[in-house]
Amino acid sequence: MKKTFDWSNVISNIKSYVTSHWFGLTGLLLLFIFLFITPSFLTTTEVGYLINLWVLIITAFVLIVGKVVQFFRKNKHFVPSESAPLISGLGSVLAIIIGLIVGLIIMYIVNPEQAFQGFLVILKGGFNQGMASFGTMIYYAVPIILTGLSVSFAFRTGLFNIGASGQLIFGAFVAVYIGIKWDFLAGVPFLHWFVAVLGALLAGAAWGAIPGLLKAYRNVNEVVSSIMLNYIAVYWVAIMIKADQSIYFKTQDRLYDILPSAVTPKFGLDQIFVGSQINIGIVVAILIAIILYIILFKTTFGYELKAVGLNRDAAKYAGVNAKRNIVLSMIISGAVAGIAGAMIFLDRGAWFKPEIVLRPEGFTGIAISLLGLNHPFGVVFAGLFYGSLERGGEYLNLLRFKHEIIDIIIAVIIYVSALGLILQKLVIKNLKWNSKIFQKIKRVILKESPSDQSEGGATQ
Amino acid sequence: MSFLDLLYYLVPLIIASAVPLSVVALGALFSERSGVVNIALEGIMLMGAFVGAVVIRSLQANSSLSTTSIALIGLGVGAVVGMVFSVAHAFASIHMKSNQIISATALNMFALAFGSFIARTFNNTIIISTQDVFRIPSVPILGDIPFIGNLFFKGAYLSTYVGVIIFIIGIVVLYKTKAGLRLRSCGENPQAADSLGINVYRVRYAGVLVSGALAGLGGVIFLMSFAQKFLMTVSGFGFLALAVLIFGNWKPNKIILAGIFFAMTRVLAVSFNAIPIISDLGLTLDHYLMVPYITTLIVLAFVSKNSAAPRAAGEPYDAGKR
């Protein structure tokens with residue numbers, strides 16, 4: 001380890017961000033206000049919450065604008081219509097908007113009087129009832145973020161892991177089993193919980209390895225095999241539960257409660273988001289996103305995985321062991337899905353039932369992975385967005401709507417984002433249409449004289 | 001129970017499972033042979049079965065039509081709904097050149113969400129109950145043949161016969177007509193087909209639409225043979241049909257055998273108590289319900305290595321590619 005992380009680089013980066021334009025300074029000031037001043041005397045009341053929320057929104061806005069300005073100062077000849085991440089990102093946004101509009105239309109057809117009111121409830125989502133609903137939104141987003149990460153990781157290697165559902169249930173079973181039975185671990189703080197999560201990780205990895213091995217060595221289509229494995233996991237787990245009277249609470253048709261030592265710790269997060277079920281699951285999810293990001297973008301192994309996904313034959317020609325990479329990719333993908341299972345069931349009151357039902361998180365993960373553009377950090381934001389929609393759906397039940405409308409919206413969003421081509425054309429067109437205004441803004445930001453501008457044009 | 005009684009009990013059950021599986025697998029065959037992978041079959045089946053159930057239920061309650069015509073209307077509605085729904089998949093995968101698995105997954109999710117949403121909005125429950133009156137006591141002349149009559153022509157469902165007829169028509173179209181040949185050529189080498197003046201886009205649209213119609217029909221057949229109460233699920237039959245297709249190596253005659261094989265594994269779960277040797281094993285219902293999926297996995301592991309999948313299936317058509 002010769003090359004260490006360069007902190008001075010980061011510090012100088014922040015320094016230039018703050019000093020180069022007034023957005024940076026204002027943003028930091030607002031962040032300071034949000035973190036230390038407004039919560040201390042305002043959170044208890046509804047108005048205080050609203051002010052707090054607005055400070056947060058404005059802070060985020062200013063910080064993002066500042067970042068954009070800094071970006072343009074660095075990259076003077078940036079052409080938006082040729083930037084792939086920008087176009088696909090805007091494609092995702094467009095897909096979300098179209099999905100919401102379709103949802104609104106269906107709601108209007110079903111129940112015209114309450115349609116717009118209901119739509120607002122969906123849009124407000126996790127913000128409907130203050131910090132409590134915000135915390136609950138994060139709580140429910142965690143397993144979805146994790147399955148999304150699982151699907152997106154396999155997708156990078158060109159594999160479609162539709163079996164996250166089965167890997168999740170298998171991991172969850174092992175986690176809960178450890179949570180009930182391994183009481184000898186209860187002495188050391190968090191050790192029991194950690195071992196349970198580790199068990200889920202290994203179980204999910206094992207279940208994910210099967211379609212990987214079948215794909216690599218027997219050429220079995222991983223989509224069909226992992227669908228079959230979903231059903232097998234559900235039945236097998238049900239059989240194992242019903243056969244073991246020491247874990248099966250027969251009269252209530254569920255597993256016994258896990259021991260308190262195996263419950264996911266909260267580390268004071270429930271003090272910030274008062275009245276919600278939030279625990280450190282979100283920290284686990286973000287940590288895993290960072291780990292996957294490092295694997296994918298900072299290691300040779302990740303480079304090989306992506307190479308196999310982009311062109312299996314070319315990767316083979318370059319000396320990459322495609323079979324090994326396929327299996328490893330599925331193992332990692334399955335492990336993450338297994339952790340998702342642990343995060344759902346390692347909590348009080350989250351009873352594990354031997355039902356013959358495929359958990360929907362596995363399929364929602366596909367949507368999240370697509371919306372997040374298969375990038376670990378994108379998936380985290382897409383997962384939070386879904387969590388917000390999903391909370392909105394719960395509050396919809398107070399009106400005369402059924403929460404399945406959320407699933408319709410999500411399905412439309414996936415479908416529209418699958419229509420990539422037409423969306424990207426639309427986005428590119430819009431960017432070109434905007435480019436005159438865009439040039440003007442750029443000139444203001446860069447404080448360029450018109451002569452610089454023409455020089456830039458000549459090099460393009 | 002004597003052996004003959006057992007046979008009379010099991011064979012109709014196997015047929016009732018095998019027919020929807022084979023019909024939907026035939027639909028998958030049409031789509032894949034034209035070059036489009038259609039994993040949306042599960043969703044299309046569900047959509048067909050859902051709308052079919054609603055139509056059948058309202059006809060049974062409000063009209064004085066005969067049982068036969070209600071059944072035929074239900075089957076027709078299922079086919080049309082399936083066809084209309086599959087247009088979305090065809091548009092995405094043919095015109096938009098999008099990832100066929102993603103758009104199909106979206107349709108699967110949409111079908112389930114849409115069905116549950118509509119059913120719960122208007123009826124407060126996802127269960128749609130229809131009357132189970134579609135059995136034919138005995139087919140006229142054919143039911144009187146001593147052994148075969150008892151086996152195949154007594155107490156079977158009308159939808160079964162419709163399914164068998166459709167299956168035969170499907171094979172004839174695919175292998176004995178010009179359109180069938182064109183369809184198959186588009187799945188193997190669309191560029192060559194294009195050079196001979198065949199409109200690849202149009203042929204692929206036809207393939208996907210036919211597969212949608214067959215899947216919708218299969219959904220209603222499933223509804224009539226299994227579910228007096230439609231619970232907004234087709235028990236993974238759409239996915240199993242894909243396994244049947246792969247096991248049948250993309251050939252209709254083998255698809256029938258594969259369909260019967262899978263049907264037998266399913267019937268095992270329903271009837272394991274009635275079969276003397278198997279009921280002694282002491283396994284639970286869950287074990288037998290798991291069998292079809294495990295056999296699928298094992299079979300796929302042995303069959304997939306040398307599969308005769310259409311070469312261009314799953315690839316968007318690119319006229320400039322060699």
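The values are calculated or read from the model by the stated rules, or taken from the named source; none is laboratory data. Since we're looking at a predicted model, the values are computed, not measured. Heads up, the Cβs are rebuilt from the backbone with ideal geometry, glycines too, and the neighbour counts pull from every protein chain shown. Please note that ligands, DNA and RNA were not included when accessible areas were found on the heavy atoms of the full protein model with its side chains. Shrake-Rupley method; radii C 1.70, N 1.55, O 1.52, S 1.80 Å.
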For the range B:41-149, please list each of the helices (runs of 4 or more DSSP H) lying entirely inside it that holds at least 1 residues being within 14 Å of chain A (Cβ to nearest Cβ), within 29 Å of residue A:107 (Cβ to Cβ) and among the acidic types (Asp, Glu). B:41-62
So if I check each of B:231, B:300, which one is loosely packed, with under 15 Cβ neighbours inside 10 Å and within 14 Å of another protein chain (Cβ to nearest Cβ)? B:231
On the given criteria, is residue B:16 within 20 Å of residue B:229 (Cα to Cα), at pLDDT below 90 and in a helix (DSSP H, G or I)? yes
What are the pairs, 6+ residues apart or on separate chains, where a residue within the range A:213-234 that is under 20 Å from residue B:37 (Cβ atoms) has its Cβ under 7 Å from a residue that is among the acidic types (Asp, Glu) and open to solvent by less than 30 Å² (accessible area, probe 1.4 Å)? A:215/A:222
Tell me, yes or no, whether the range B:231-248 has at least one residue that is under 27 Å from residue B:200 (Cβ atoms) and not hydrophobic (A, V, I, L, M, F, W, C). yes
Do you know which residues across the range A:189-223 are within 14 Å of chain B (Cβ to nearest Cβ) and either of a type in the set (S, T, N, Q) or not in a helix (DSSP H, G or I) (or both)? A:219, A:220, A:221
Residue that is surrounded by the fewest Cβ atoms within 10 Å (Cβ to Cβ), among those in the range A:362-382 that are more than 14 Å from every other protein chain (Cβ to nearest Cβ) and over 20 Å from residue A:98 (Cβ atoms): A:377
Just to confirm my filter: which helices (runs of 4 or more DSSP H) fall fully inside the range B:157-265 and include at least 3 residues that are more than 19 Å from the chain's Cα centre (by Cα)? B:178-188, B:190-195, B:200-226
Would you mention how many residues in the range B:303-322 are under 13 Å from residue B:100 (Cβ atoms) and either loosely packed, with under 12 Cβ neighbours inside 10 Å or aromatic (Phe, Trp, Tyr) (or both)? 1
Could you tell me which residue of the range B:243-267 is nearest to residue A:221 (Cα to Cα), considering only residues that are open to solvent by 40 Å² or more (accessible area, probe 1.4 Å) and within 14 Å of another protein chain (Cβ to nearest Cβ)? B:247
Residue count, the range A:390-405, condition surrounded by fewer than 24 Cβ atoms within 10 Å (Cβ to Cβ) and within 14 Å of chain B (Cβ to nearest Cβ), comes to 9
Being at pLDDT below 85, part of a helix (DSSP H, G or I) and facing chain A (nearest Cβ under 9 Å), is that true of even one residue in the range B:305-322? yes
Quick one: is residue B:247 at pLDDT below 90 and within 30 Å of residue B:302 (Cα to Cα)? yes
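Conditions (1) among the polar types (S, T, N, Q); (2) under 29 Å from residue A:307 (Cα atoms); (3) modelled with pLDDT under 90; (4) part of a loop (DSSP other than H, G, I, E, B), marked per residue:
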{"residue": "A:325", "(1), (2), (3), (4)": "yes, yes, no, no"}
{"residue": "A:334", "(1), (2), (3), (4)": "no, yes, no, no"}
{"residue": "A:339", "(1), (2), (3), (4)": "no, yes, no, no"}
{"residue": "A:348", "(1), (2), (3), (4)": "no, no, yes, yes"}
{"residue": "A:351", "(1), (2), (3), (4)": "no, no, yes, yes"}
{"residue": "A:373", "(1), (2), (3), (4)": "no, yes, yes, yes"}
{"residue": "A:392", "(1), (2), (3), (4)": "no, no, yes, no"}
{"residue": "A:417", "(1), (2), (3), (4)": "yes, yes, yes, no"}
{"residue": "A:424", "(1), (2), (3), (4)": "yes, yes, yes, no"}
State whether one or more residues within the range B:281-297 are more than 10 Å from every other protein chain (Cβ to nearest Cβ), open to solvent by 10 Å² or more (accessible area, probe 1.4 Å) and in contact (Cβ under 8 Å) with a residue 60 or more places away in the chain. no
Look through the range A:39-75, keep the residues that are more than 20 Å from residue A:14 (Cα to Cα) and assigned to a loop (DSSP other than H, G, I, E, B), and return whichever of them is modelled with the lowest pLDDT. A:43
Exactly one of B:118, B:102, B:126, B:148 is out of contact with any strand residue (DSSP E or B) (no Cβ under 6 Å at 6 or more places or on another chain), surrounded by fewer than 18 Cβ atoms within 10 Å (Cβ to Cβ) and aliphatic (A, V, I, L, M), and that residue is B:148
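Residues checked against (1) surrounded by 16 or more Cβ atoms within 10 Å (Cβ to Cβ); (2) in contact with a helix residue (DSSP H, G or I) (Cβ under 8 Å, 6 or more places away or on another chain):
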| position | (1), (2) |
| --- | --- |
| A:228 | yes, yes |
| A:231 | yes, yes |
| A:241 | yes, yes |
| A:246 | no, yes |
| A:252 | no, no |
| A:255 | yes, yes |
| A:260 | no, no |
| A:263 | yes, yes |
Applying the selection to the range A:388-415, what residues are closer than 21 Å to residue A:138 by Cβ and of a type in the set (A, V, I, L, M)? A:389, A:396, A:406, A:409, A:410, A:413
Regarding residue B:50, is this residue touching a residue at least 12 places away in the same chain (Cβ under 8 Å), closer than 20 Å to residue B:24 by Cβ, surrounded by 24 or more Cβ atoms within 10 Å (Cβ to Cβ) and among the aromatic types (Phe, Trp, Tyr)? yes
Please specify each residue of the range A:164-188 satisfying the condition of being assigned to a loop (DSSP other than H, G, I, E, B) and either of a type in the set (Ser, Thr, Tyr) or surrounded by 15 or more Cβ atoms within 10 Å (Cβ to Cβ) (or both). A:182
Being closer than 18 Å to residue B:314 by Cα and surrounded by 24 or more Cβ atoms within 10 Å (Cβ to Cβ): is that true of residue B:30 here? yes
Quick check on the range A:96-110. Is at least one of its residues in contact (Cβ under 8 Å) with a residue 12 or more places away in the chain and in a loop (DSSP other than H, G, I, E, B)? no
Return only the number of the condition from (1) under 30 Å from residue B:119 (Cα atoms); (2) buried (at least 24 other Cβ atoms within 10 Å of the Cβ); (3) more than 14 Å from chain A (Cβ to nearest Cβ) that residue B:238 does not satisfy. (3)
